[in-house]
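Just below is one structure, and these are the notes that go with it.
The values are calculated or read from the model by the stated rules, or taken from the named source; none is laboratory data. Note that this is a predicted model, so its numbers are computed, not measured. Positions of Cβ are generated from backbone atoms using ideal geometry, with glycine treated the same way; all protein chains shown enter the neighbour counts.
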Amino acid sequence: MRPKDLKTKIFLDSGDPIETKKIIKILGFLDGQTTNPTLIAKNPKAVEMIKKGKKFTKKEIYAFYKDVIQEISKLIPQGSVSVEVYADFETTSSQMLKEAEEMFSWIPNAHIKLPIIKEGLVAAHQAAQDGMRINMTLCFTQEQAAAVFLATKGASKGAVLISPFIGRLDDVGQNGISLISNILKSYRKDKNNHVEVLAASVRNLPHFLSSLSLECDIITAPFSVLSEWAEKGCPIPGSSYIYKTELETIPFIDLLNFPKDWRKTRLENELTKKGVEKFCADWGVLIA
């Protein structure tokens, strides 16, 4: 059963419906699930196909992705399921929107993942105006968070998610938890805040517990981390919880200090670039 004092929504980060079923049984609840090309490439059916030396056509991979998403959606009909568009640095905002609209029609509880790059933000601005639910992914800076906030103003609460990647910041010596804390602090200063923060790239239980202690809106975590949390009795640490790390703390910058025009914010970031390239490469592994 869902812990009584749990304020954060808990998502599974996986492209495998079998894991969805297992974690629902283990936890007794699940609020949603996030997917991406890397996770779909790890789906057992996709792995087996690649082992046999076979690949999908572009049409087949989208049909496969759709089937996986629809199966997950049926398991958590009241939750959110994030579906990611294909986007490289040549993809236009109109191309992203066209694909987003198609994916949004797959299930009734979709959030469409768009990368926080120039064309992705243009697409997000239009998608928010059209009433589409979106999840802005590969966030690594407070300026990117400010851009998402400004570009999607007017959207209803819960329609826009932003996914800062904790683990990938840790990989380069920066404390990813401090970015989560900074974005939450800034967003919560605005009484009309419409963007929910989704802690992503959660690598271990301390990442998970730290995000809980911050009362992050949503946390998405892999099966292994959610299972470990369940084994320990689903503890919910308070604000006094101390995240022990020697990683460099990211200084807080108030979102009010950024330009009011989202088109003038600096989106470029090496980790975002690498993230886009990684997702594209993993998608490429599957397609003939």
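For this structure, a couple of remarks:
- Test: residue 276 is farther than 20 Å from residue 120 by Cβ, surrounded by 17 or more Cβ atoms within 10 Å (Cβ to Cβ) and of a type in the set (A, V, I, L, M, F, W, C): no
- Flag: residue 52 matches the condition of being farther than 26 Å from residue 166 by Cβ and either surrounded by 21 or more Cβ atoms within 10 Å (Cβ to Cβ) or modelled with pLDDT under 95 (or both).
- Residues that are within 16 Å of residue 220 (Cβ to Cβ) and buried (at least 22 other Cβ atoms within 10 Å of the Cβ), drawn from the range 74-113: 80, 81, 82, 83, 84, 111, 112, 113
- Entry remark, the range 1-53: residues being in contact (Cβ under 8 Å) with a residue 12 or more places away in the chain and basic (Lys, Arg) number 7 in total.
- Number of the condition not met by residue 157 [criteria: (1) surrounded by fewer than 24 Cβ atoms within 10 Å (Cβ to Cβ); (2) closer than 18 Å to residue 267 by Cα; (3) in contact with a strand residue (DSSP E or B) (Cβ under 8 Å, 6 or more places away or on another chain)]: (2)
- Just so you know, in the range 105-157 the residues that are of a type in the set (Phe, Trp, Tyr) and within 16 Å of the chain's Cα centre (by Cα) include one that is modelled with the lowest pLDDT, and it is 149.
- Checking residue 242 against (1) in a loop (DSSP other than H, G, I, E, B); (2) modelled with pLDDT of 95 or more; (3) within 28 Å of residue 23 (Cβ to Cβ), the condition it does not meet: (2)
- Residues located in the range 1-31, provided they are in a loop (DSSP other than H, G, I, E, B), among the charged types (D, E, K, R) and either over 21 Å from the mean Cα position of the chain (by Cα) or surrounded by 14 or more Cβ atoms within 10 Å (Cβ to Cβ) (or both): 2, 4, 5, 16, 31
- Taking the range 125-139 as the range and being surrounded by fewer than 24 Cβ atoms within 10 Å (Cβ to Cβ) and touching a residue at least 40 places away in the same chain (Cβ under 8 Å) as the test, the residues that pass are 125, 133.
- Just so you know, in the range 215-229 the residues that are in contact (Cβ under 8 Å) with a residue 24 or more places away in the chain and of a type in the set (Gly, Ala, Ser) include one that is farthest from residue 242 (Cα to Cα), and it is 227.
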